[in-house]
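I have placed the structure first, in the form of structure tokens, so that the comments after it can refer back to it.
The values are calculated or read from the model by the stated rules, or taken from the named source; none is laboratory data. Because the structure is predicted, anything quoted here is derived from the model rather than measured. FYI the Cβ positions are ideal-geometry reconstructions off the backbone, even for glycines, and counts take in every protein chain you see.
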Amino acid sequence: MTFSVVTLFPQVFKEVFSSSIIKRAQDQGKIKLNFVDLREFGIGRHKVVDDKPYGGGAGMILRADVLDKAISSVRTSTTGRKKKEAVILLDPKGEKYTQSTVEKLSRFNHLILICGHYEGFDERVRDLVDYEISIGDYILSGGEIAAMVIVDSVARLVPGVLRKSEAILFESFTRADGERILEYPQYTRPAVFRGKKVPDVLMSGNFAEIKRYRTNEAQKITRKRRPDL
């Protein structure tokens with residue numbers, strides 16, 4: 001899978017994606033990261049990418065024509081669905097990002113992520129994209145952190161990225177028996193820590209009982225912490 005990130009600050013991604021799972025996935029050719037510097041498509045000698053909003057108001061607005069050129073530079077086809085390609089606008093007004101969205105995006109071969117900055121986008125940019133996504137009900141200085149979230153969460157579902165593919169089957173928000181629930185509690189050594197013991201069932205060797213215990217605990221935690229699920 002290829003991720004193309006359109007941003008004014010491509011340098012901020014280097015450290016984040018140069019270690020751990022994402023680095024290994026790149027080294028193995030499972031994913032490819034392509035950072036597109038929006039400034040390269042700016043207008044005039046000063047490479048202008050934004051302008052004042054019509055009607056007045058604070059801040060500067062990213063221009064639709066500049067973003068259009070940047071998106072076009074990495075598109076592999078104008079028929080995105082046939083080519084398994086999607087353009088995503090990272091915007092607080094977008095659809096809330098969930099594990100269901102992660103699974104949907106993981107079916108594409110190429111994701112083009114548009115990072116906003118300043119006061120926002122020209123409204124006509126929305127005509128250039130396939131999805132508008134928000135990672136939460138809060139405001140960030142730009143879309144770069146949101147892009148990192150999407151790359152990390154989607155890449156984990158690309159076959160071969162995780163060494164043990166079954167790991168994703170038992171994580172929080174993964175669908176279980178038709179429902180999305182939180183993950184069951186996990187323990188490791190020491191068996192006793194500050195007077196609190198690991199549940200006996202987990203050391204019993206009875207895998208049927210362990211599975212039943214974990215299912216019950218996952219349901220209990222979900223009801224308590226995330227009843228909306």
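Per-residue answers, yes or no, for (1) within 32 Å of the chain's Cα centre (by Cα); (2) exposed (fewer than 11 other Cβ atoms within 10 Å of the Cβ); (3) in a loop (DSSP other than H, G, I, E, B):
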{"residue": "TYR184", "(1), (2), (3)": "yes, no, yes"}
{"residue": "THR188", "(1), (2), (3)": "yes, yes, yes"}
{"residue": "LEU202", "(1), (2), (3)": "no, no, no"}
{"residue": "GLY205", "(1), (2), (3)": "no, yes, yes"}
{"residue": "TYR213", "(1), (2), (3)": "yes, no, no"}
{"residue": "ASN216", "(1), (2), (3)": "yes, no, no"}
{"residue": "GLN219", "(1), (2), (3)": "yes, no, no"}
{"residue": "LYS224", "(1), (2), (3)": "yes, yes, no"}
{"residue": "PRO227", "(1), (2), (3)": "yes, yes, yes"}
Consider SER165 against the criteria (1) at pLDDT 95 or above; (2) not assigned by TED's automatic domain parsing to the domain that holds ASP65: it satisfies all of them except one. Which criterion is unmet? (1)
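State whether the residues of the range 56-63 include one that is over 22 Å from the mean Cα position of the chain (by Cα), β-branched (Val, Ile, Thr) and crowded, with 16+ Cβ neighbours inside 10 Å. Working first, answer last.
Step one: of the range 56-63, the residues over 22 Å from the mean Cα position of the chain (by Cα) are 56-63.
Retained after the next criterion (residues that are β-branched (Val, Ile, Thr)): 61.
Then drop every residue that is not crowded, with 16+ Cβ neighbours inside 10 Å, which leaves 61.
Yes: the range 56-63 contains one or more residues that are over 22 Å from the mean Cα position of the chain (by Cα), β-branched (Val, Ile, Thr) and crowded, with 16+ Cβ neighbours inside 10 Å.
Do the conditions hold for PHE41, that is, is it of a type in the set (Phe, Trp, Tyr) and under 24 Å from the mean Cα position of the chain (by Cα)?
Against the criterion (of a type in the set (Phe, Trp, Tyr) and under 24 Å from the mean Cα position of the chain (by Cα)), PHE41 does not qualify.
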Check GLU171, GLU144 and return the single one that is of a type in the set (D, E, K, R), surrounded by 11 or more Cβ atoms within 10 Å (Cβ to Cβ) and at pLDDT 95 or above. GLU144
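Consider the range 71-118. How many of its residues are of a type in the set (Phe, Trp, Tyr) and either out of contact with any strand residue (DSSP E or B) (no Cβ under 6 Å at 6 or more places or on another chain) or at pLDDT below 95 (or both)? Give the derivation first.
First, the residues of the range 71-118 that are of a type in the set (Phe, Trp, Tyr): 97, 108, 118.
Still in the running and either out of contact with any strand residue (DSSP E or B) (no Cβ under 6 Å at 6 or more places or on another chain) or at pLDDT below 95 (or both): 118.
Count: 1.
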Considering only the range 34-49, I want to know if a residue exists there that is part of a strand (DSSP E or B), under 25 Å from PHE108 (Cα atoms) and touching an Asp or Glu at 6+ places or on another chain (Cβ under 9 Å). no
Between VAL5, VAL12, VAL66, VAL36, which is under 16 Å from ALA155 (Cβ atoms) and in contact with a helix residue (DSSP H, G or I) (Cβ under 6 Å, 6 or more places away or on another chain)? VAL5
